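Colleague: Supplied in structure tokens, the structure appears directly below.
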Amino acid sequence: MWLCLGTIALAAWVYLAANQDFFQALCRAMPISFAARDIALVFSMWLAMGLAMMLPSATPMIDTYLDIAEAARAKSIAVVPAAILVAGYGTIWLVFAVAMSLVQITAAAWLQLPDPRLAGAALVLAGLYQFTPLKHACLTKCRAPMPYFLRRWSDRPHKVLLMGLEQGALCLGCCWALMALGLVAGFMNLAWMAAVGAVAMLEKMLPDPRALIYGCGIGLVGAGGLIIAFG
């Protein structure tokens, strides 16, 4: 399973790298319509972004499930394959990709405005979200998957799928604001995607991620404020 997940994440990064110039042009200059080709291209970009950035950050959660599953099998307890859990997690990012694609296509003209204050405002909003109770509530649960799985453990596939959906929703609650910056021209690049992916992983793995969370928030608000003031 780890080989499969690694292959998916790597394929997503390769796809994004191979189409980086085209996607930047698509998001910044080229007209976007409801034509099937445009919809497919924008959707593929958002889905690849979600898989590339969020699958690596899900490894602690998946590893926890596998640890419990191993102990359950040792006691002859039935275990649902972890692939069902991952499918639920991935479904959240599939839905997110659909939603972001629709937003980008319907609001393309507004999002492509040359006014730098739009990018500044987006940075400020993303930075402020780092301080919200929702962000911290989602992250707290993401960082402690063991109690969650022990409370919700089941040998029924639909319940394990639901656990994956819930874990994906918690992950989305942590990172959606940073990822949504990809809607704004100038943030659709591999460097930004890699930074968001690294932050998402470190927030879940550092013993105390508060310095990282608040530091990112202050940095984003400050950068956005400067763009608004001097842009």
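Nothing in this text is a laboratory measurement; each read-out follows from the coordinates by a stated rule. Because the structure is a prediction, the values reported are computed rather than measured. Here Cβ is always computed from backbone atoms with ideal geometry, including for glycine, and neighbour counts include all displayed protein chains.
Colleague: Need pairs with beta-carbon distance below 8 Å; first residue in a loop (DSSP other than H, G, I, E, B) and within the range 138-157, second of a type in the set (V, I, T); sequence gap 6+ or separate chains.
Modeller: Close Cβ pairs satisfying both conditions: W153/I68; S154/V80; S154/V160; D155/I77; D155/V79; D155/V80; R156/V80.
Colleague: List pairs: first in the range 62-90 and in contact (Cβ under 8 Å) with a residue 60 or more places away in the chain, second outside any helix (DSSP H, G or I) and surrounded by 15 or more Cβ atoms within 10 Å (Cβ to Cβ), Cβ under 7 Å, 6+ apart or cross-chain?
Modeller: I68/W153; A72/V79; Y89/A58
Colleague: Any residue at all in the range 199-209 that is free of Cβ contacts under 8 Å to residues at least 60 places away in the same chain, surrounded by fewer than 20 Cβ atoms within 10 Å (Cβ to Cβ), part of a helix (DSSP H, G or I) and not hydrophobic (A, V, I, L, M, F, W, C)?
Modeller: no
Colleague: Moving to a separate point now. Is it the case that the range 121-137 has a residue that's surrounded by 18 or more Cβ atoms within 10 Å (Cβ to Cβ) and in a loop (DSSP other than H, G, I, E, B)?
Modeller: Yes: one or more hits.
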